[in-house]
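One structure below.
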Amino acid sequence: MNSLRLAVSMLRRDWRAGEWRVLLIALVLAVGSISTVGLFSDRVRLALQQESHSLLGADLRISSIHPITPAYREAAQQRGLRVISTATFPSMVSNANENMLCEILAVQDGYPLRGKIQIADATDMDTAGKITPEQDGLPPNLGHSAKHVPARGTLWADERLMRRMSLQLGDELTVGSLHLRLAARVLKDIDQSVSFASIAPRVQINLADLETSGLVQVGSRINYRLLLAGDNKQIAAYRAWAETQIKPGEKIEDVRDARPEIRQSMDRAEQFLGLAALMAFVLAGIAMALAARQFIQRHLDACAVMRCLGATQNQVLKIFLYQFILLGIAAVLLGCLIGWGAQASLVQSIDAMRTANLPAPGWLPLVQAAISGMALLLGFTFLPLWQLKSVTPLRVIRRELGLPNNNTGLMYISGAAVLSLLFLWQAGSVKLGLIVLGGLAAGLLLFGLIAWLSLRMLAAIPLGKRHVFANLARHGRSNAVQIVALSLGGMSLLLLTLVRTELMHNWQDRLPPDAPNRFIVNVQQDQVTPVQQFFKQQDLPPPSLFPMVRGRLIAINNKAISADDFAEQRARALVDRETNLSWSAGVPEGNQLAQGKWWTPVAKAGGEPVAEISLEEGLAKTLGINMGDSLTYDIAGSQFSGKVINLRKVRWDSMQVNFFVIVAPGILEKYSASYLSSFYLPHDKAAVGDKLLKAFPNLLVIDTEAIINQVRHIMDQIAQTLAAVFMFTLLSGMAVLYAALLATQDERIYQSAILRTLGADSIYLRRQHLIEFAVLGALSGLFAAAGSATLGWILAKYVLEIPFAPSVLLWVAGISGGMLIVMLSGWLVTRKVIKLPPLQVLTS
């Protein structure tokens with residue numbers, strides 16, 4: 001109890017003297033940065049997930065080719081989930097003498113569980129009912145969010161159906177044996193599949209009308225769905241239960257399972273946000289290390305005095321440990337409070353965030369920030385405190401005696417170990433964490449060595465200010481540490497400004513404004529040339545048409561397989577259905593070889609083409625297929641076998657035609673094939689799609705504009721939020737700069753006093769300090785530019801999978817910016833040093 005009381009007393013005294021200033025600022029900023037980034041990232045991530053869930057209409061969906069058993073609904077209701085049923089199937093829709101194949105969606109009251117459907121009905125403008133092909137678009141602010149589903153005896157139709165059939169609200173349409181009145185026009189829909197099996201346009205009807213439609217027959221191609229929504233824990237628990245109950249013909253999907261293009265956008269969004277949190281975390285840790293080192297050095301005298309007054313080593317350790325724990329608790333609470341207020345202010349200051357109705361933040365990010373802050377504090381200070389208890393009482397009369405076994409390397413190693421563990425914990429992605437952590441560790445060691453060698457070389461060169469360089473080289477190890485710390489702060493500034501902008505620009509370029517927004521399906525062999533000529537007649541570039549053959553995987557390495565052989569639901573679904581097969585002489589656009597080599601056009605065996613197969617690497621991983629395996633496919637009763645010779649990475653978010661399985665030319669040409677393609681259709685030529693269908697009635701034209709807009713909207717939101725999130729990471733970089741400069745303040749005060757005693761004036765000292773800061777700033781800026789360029793390239797290539805080339809501006813800004821910032825900051829920190837009386841410094 002006496003140790004605790006003494007610790008509190010010393011804490012109050014040091015607080016008044018300002019001894020805790022640097023350490024407190026570093027710790028508060030560490031916790032504040034981590035909690036701000038954590039809370040804000042958590043809210044943004046939840047909002048992005050909710051927005052992406054609107055594409056599915058729910059948090060989770062169970063699909064089946066058979067009516068879904070009541071057990072699924074009952075289990076969901078028992079867990080407090082919201083549940084509704086839907087059904088979808090292709091059917092002809094008739095009006096007068098015109099027929100069109102549509103996707104019929106029968107929905108239950110309460111649909112959708114996530115997202116909103118925008119409709120225009122009789123309550124809206126008169127122009128809502130009639131849209132002619134000559135119209136370029138809709139009147140602004142037309143329509144409203146639907147508050148209900150279509151009433152019995154009515155239907156809703158989308159823009160494509162109304163335009164192609166020249167419909168007006170109130171027209172009567174026939175679906176099966178139903179005669180339904182067109183009650184609303186769907187302006188913005190959700191839950192639209194982009195698979196090649198989907199049919200456009202779409203019609204929505206009431207699920208209660210389905211029974212009397214006469215369309216539900218034995219063998220009908222109806223897909224039954226159960227949509228569920230609830231909190232994350234409820235959904236996760238239900239999914240874990242449902243996966244044990246799933247049967248052949250059934251599958252469980254969330255937004256990531258159903259839409260690979262959304263999955264990739266969400267994954268990259270989380271990686272970008274994770275990068276912001278990781279950089280703030282690391283930089284705050286470096287600031288903590290520098291501040292802790294300075295505090296320990298300043299308290300050697302106090303420790304020696306306590307030892308002279310009879311304090312034992314354990315008492316000394318307890319006293320200082322109590323101080324750090326009390327300081328840590330206060331700083332953690334203050335940092336969490338700042339983080340909570342900062343993220344709330346941040347949301348209110350950004351228009352897109354303020355109107356996005358972000359979910360309320362949870363407590364978990366605050367708990368993680370508090371644990372991380374205390375772990376950082378003890379990780380970087382416990383070893384010095386352990387050494388502090390062994391300070392000899394002789395230091396009272398021999399001031400040159402420092403810490404016993406003064407091995408600062410062990411302090412940095414112990415701190416780095418704690419930092420690494422917390423780093424991987426905070427990363428969320430092991431891959432992202434290891435890449436950034438490995439890059440930082442390699443950069444620290446390399447930059448430290450180069451900095452030390454550079455200072456030694458400068459001291460050896462006969463320059464006009466050689467004594468300045470000699471002074472820098474004399475304290476080479478400490479200055480090298482300072483340069484590394486400053487370069488980390490500068491690297492964060494460059495990485496999260498110039499490099500981040502370049503990465504975001506390159507990432508958004510993956511989905512350019514002219515990305516394909518239409519798919520053509522079911523083009524026959526004799527229609528390939530006429531379809532391409534049609535596009536030329538419409539002043540549009542003719543699309544490339546890709547062949548497609550439907551086949552089912554029936555054996556791997558000559559061993560027959562079935563869905564029951566696989567435990568994972570996605571693997572079971574892949575084996576249980578036919579796969580789109582294609583052939584290509586070269587690697588398709590948007591594909592990249594991950595393993596193996598592409599085939600050559602002359603690959604033959606005994607005069608016959610060799611059956612070589614290329615697989616998408618995700619499919620191969622799901623089905624456990626390796627390079628060299630033999631696959632057997634059944635195509636309309638005929639079989640062929642081939643060897644897997646390469647695996648491909650596929651950019652599913654490119655909106656190009658992509659295939660899981662590609663076979664070498666000369667194998668599939670003998671089978672009946674259809675062709676498909678993707679193309680960009682400008683808004684002012686939307687009627688071309690209708691003309692194409694009239695010229696080729698058998699084609700299916702699938703509109704993916706809604707999906708593209710949703711993906712692009714997610715990208716825009718990420719770009720806006722990252723700019724704000726990185727502001728707090730930049731503050732951590734500035735904290736490193738501040739702590740690094742203060743860490744050498746005492747030494748500069750002592751050296752300046754000696755030089756003043758020897759006759760140096762204030763102008764000489766100021767010039768000397770500015771030259772030192774210029775050298776330190778130039779080296780740290782050079783290392784910062786090199787580190788940010790390297791780390792940016794690694795992130796672009798191995799994490800985000802986008803091109804990246806650092807610009808010349810990065811190097812100019814790094815070196816010149818480093819010099820200016822360090823010189824200015826150093827002058828602000830040391831401007832009072834040269835004014836202190838030498839006698840006061842040397843006798844204190």
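The values are calculated or read from the model by the stated rules, or taken from the named source; none is laboratory data. What you see is a predicted model; the values in this text were computed from it and never measured. Here the Cβ is made from the backbone with ideal geometry for all residues, glycine too, and neighbour counts use every protein chain on show. SASA here: full protein model, heavy atoms, side chains in, ligands and nucleic acids out. Shrake-Rupley method; radii C 1.70, N 1.55, O 1.52, S 1.80 Å.
Listed conditions (1) open to solvent by 10 Å² or more (accessible area, probe 1.4 Å); (2) modelled with pLDDT of 80 or more; (3) closer than 27 Å to L700 by Cβ; (4) of a type in the set (A, V, I, L, M) are all met by V83, apart from (3). Of the residues making up region 111-118, not a single one is modelled with pLDDT under 85, part of a strand (DSSP E or B) and either of a type in the set (K, R) or touching a Gly at 6+ places or on another chain (Cβ under 7 Å) (or both). Between P530, P542, P547, the distinction of being at pLDDT 85 or above, more than 30 Å from R61 (Cβ to Cβ) and touching a Lys or Arg at 6+ places or on another chain (Cβ under 7 Å) belongs to P542 only. Looking across L668, L681, L647, one residue alone is surrounded by 18 or more Cβ atoms within 10 Å (Cβ to Cβ) and either of a type in the set (S, T, Y) or touching a Phe, Trp or Tyr at 6+ places or on another chain (Cβ under 6 Å) (or both). It is L668. Counting only residues that are surrounded by 17 or more Cβ atoms within 10 Å (Cβ to Cβ), closer than 24 Å to E568 by Cα and at pLDDT below 90, region 580-616 holds 1 of them. Scan region 684-697 residue by residue and report those that are open to solvent by 20 Å² or more (accessible area, probe 1.4 Å), touching a strand residue (DSSP E or B) at 6+ places or on another chain (Cβ under 9 Å) and part of a helix (DSSP H, G or I). Within region 684-697, L693 is the sole residue that qualifies.
Looking at this structure, is L631 out of contact with any Ser or Thr (no Cβ under 9 Å at 6 or more places or on another chain), open to solvent by less than 10 Å² (accessible area, probe 1.4 Å) and outside any loop (DSSP other than H, G, I, E, B)?
In short, no.
If only residues of region 12-30 that are at pLDDT 70 or above and not hydrophobic (A, V, I, L, M, F, W, C) are counted, the one that is surrounded by the most Cβ atoms within 10 Å (Cβ to Cβ) is D14. Across region 750-769, the number of residues qualifying as surrounded by fewer than 19 Cβ atoms within 10 Å (Cβ to Cβ), part of a helix (DSSP H, G or I) and of a type in the set (A, V, I, L, M, F, W, C) comes to 3. In region 153-168, the residues that are touching a residue at least 60 places away in the same chain (Cβ under 8 Å) and closer than 19 Å to H179 by Cβ form Cβ pairs under 8 Å with partners that are polar (S, T, N, Q) and open to solvent by 10 Å² or more (accessible area, probe 1.4 Å), at six or more places apart or across chains, as follows: M165/N95; L167/N95. For T154, the criteria (1) within 25 Å of L681 (Cβ to Cβ); (2) open to solvent by less than 20 Å² (accessible area, probe 1.4 Å) hold in every case but one, which is (1).
Within region 232-248, take every residue that is in a loop (DSSP other than H, G, I, E, B) and either hydroxyl-bearing (S, T, Y) or open to solvent by 90 Å² or more (accessible area, probe 1.4 Å) (or both) and give me the one that is modelled with the lowest pLDDT. Only one residue tops the list, namely K247. State the number of residues belonging to region 373-390 that are open to solvent by 10 Å² or more (accessible area, probe 1.4 Å) and of a type in the set (S, T, Y). Of the residues in that region, 1 qualify. When V436, V391 are checked against the criterion of being of a type outside the set (K, R), assigned to a helix (DSSP H, G or I) and either more than 30 Å from L333 (Cβ to Cβ) or modelled with pLDDT under 75 (or both), V436 stands alone in meeting it. Which is modelled with pLDDT of 75 or more, among the polar types (S, T, N, Q) and out of contact with any Cys (no Cβ under 8 Å at 6 or more places or on another chain), of S41, S33, S9? One residue alone meets the criteria, S9.
For I350, state whether it is of a type in the set (V, I, T), closer than 21 Å to L27 by Cβ and at pLDDT below 85. In short, no.
The one condition from (1) open to solvent by 20 Å² or more (accessible area, probe 1.4 Å); (2) under 27 Å from N698 (Cβ atoms); (3) β-branched (V, I, T) that I662 does not meet is (1). Across region 542-567, the number of residues qualifying as over 27 Å from A585 (Cβ atoms) and surrounded by 19 or more Cβ atoms within 10 Å (Cβ to Cβ) comes to 0.
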